[in-house]
Amino acid sequence: MPSKLFKPVFVLIVLTVANLCSYAQQTFNLSGKVSELNGSPLPGASIYVSGSKNATVTDNNGQFLLRLNAGEYDVIIKSIGYKTLTKKVFVKDVDLIVNVKLQEKSIALADVTIKANPYRNKDLERFISLFIGTSPNAKFCKIKNPAVLDFVRNQKDNNLKVYASDFLIIENDALGYKLNYLLESFEYEEGAGKVSYKGSVYFEDLKGSDKARQRWAQNRRSAYQGSPMHFFSALYKKNIDSEGFLILKLVNQTNSKRPSDSVVKANITRLLLKQQKKTGLINVNENDSLSYWLKLKSKPMYLPTLITKTVLVDTLLHKSENELKSITSKDIMYVVYTKRDEEPGYVSTLSPEIKKNLQFTNSQLSQIKLLVDKCVFSSNGVLVDPQSVYFSGYWGWRNVADSLPIDYIFSEK
């Protein structure tokens, strides 16, 4: 039976920041030259593949070489004293040459009035909880250079925007990564309880003892299991059942307790005319007929209803070009991961009626909403366009502290 749902109080939008779709095992060369605007080579410039651990530096002639699987990538080029450049490249079936020129950073010598932000510490704490997260792994994360962050708070609605003047350096001692995060935008809408952020990130392995590396490996496996990357990889291979996932749909169904607009409007008009003709005035009493129809008018015509019958993968999954696959859905999808319980510190933003009716008391429950016609992804579970969807529920709660590089390979041991 369908179960009626309530509107979630908090919706968290997380825009994943890497655009890799590794849909073929064959690798290709991405090479090129990094120069100044005048053509002089830039040795020692850093070249990062967004979302991954794949990186290199230019040689004395400004030349670089990366080996990449076929796919779409955001490549970040950074050199001290120059503006960081992000270049989107598409590697298909041949080697690719990309030459770029970097512009020097301008140093402003004019007088600048800097206003002290009395709420900076509070804004930083809020940013950390929303961006890094509040999961157990978040406790082991530290922003090494918070000075690069600038906070802008709207005093009217208390919305918060955050900007970064340079890479944000985050050390994650739970997963053993150093994250170099180029934050393009971050916004928190307090009234709607909505967070959105966008950027590019490069992962580096932290150095540690054998014991630390074993702990990191175990934590990485845990972070992967039940994650969006795990889900989309299982969906690609059509083995979501064996991997512990269920897919349900939330559809809008006609509210049986609300008559059609034409009926409601006709009755309100009739009662208004009757009352005006009788008294010359229009009064609405709590228990009269006019009040009854006005209350009906305020009710929604449609109610979000969770269909408890699981969605068949073949009705959802479509082949796309270059060995990619996609899903299309006008309805909101609920993903249940049954092999792990939710963390004790997690407070669900989704309706408690869902778990009550579906008997998923402790299972991890997440929500997917497509923002475009179709969501395209690769065999390793990476979205071609991360901004094609937003996640809420459990996936919305697990933020940067639980993120893995797109070239992470899961292993049971």
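Computing FRET efficiency as 1/(1 + (r/R0)^6) for LYS161 and SER31, where r is the C-beta to C-beta distance and R0 is 30 Å, gives about 0.20. Sorting MET229, MET333, MET301 by the number of Cβ atoms found within 10 Å of their own Cβ, with the fewest placed first, yields MET301, MET333, MET229.
Could you state the number of Å between the C-alpha centres of segment 90-104 and segment 127-176? Measuring centre to centre over Cα atoms gives 31 Å. Evaluated at q = 0.14, 0.15 Å⁻¹, a Debye calculation over the C-alpha positions of segment 27-102 (equal weights, vacuum) places log10 I(q)/I(0) at -0.39, -0.44. With a threshold of 31 Å on the Cα-Cα distance, the over-threshold entries among LYS198/LYS325; LYS274/LYS299; LYS78/LYS238 are LYS78/LYS238. Which shape class, rounded, prolate or oblate, goes with segment 118-171 when its Cα gyration tensor gives a ≥ b ≥ c as root eigenvalues, a/c under 1.5 marks rounded, and past that a/b bigger than b/c marks prolate? Oblate shape, in that a/c is at least 1.5 and b/c is the bigger or equal ratio. A simple spin-label model places the labels of ILE307 and GLN225 3.1 nm from each other, with each point 7 Å out along Cα-to-Cβ. Between GLU184 and ASN60, the simple label model (points 7 Å from Cα in the Cβ direction) yields a spacing of 3.7 nm. Taking label positions 7 Å along the Cα-Cβ direction at both SER209 and LYS374, the computed distance is 5.2 nm, reported to one decimal. Restricting segment 192-273 to chymotrypsin sites (Phe, Trp or Tyr not before Pro) that sit in a DSSP loop and have at most 11 other Cβ atoms within 10 Å of their own Cβ leaves nothing. The ranking of ILE169, ILE143, ILE47, ILE97 from fewest to most other beta carbons within 10 Å of each one's beta carbon is ILE97, ILE169, ILE143, ILE47. Under 1.5 on a/c is rounded, so check that first for segment 196-252, then, if it is not, pick prolate when a/b is larger than b/c and oblate when it is not; a ≥ b ≥ c are the square roots of the alpha carbon gyration tensor eigenvalues. Judged from the Cα gyration tensor, segment 196-252 comes out oblate (a/c at least 1.5, b/c at or above a/b).
Every number here is computed from the coordinates shown, using simple stated rules; none is lab data. What you are looking at is a predicted structure, and each value in this text was computed from that prediction instead of being measured. Glycine also receives a Cβ, built like all others from the backbone with ideal geometry; neighbour counts cover every protein chain displayed.
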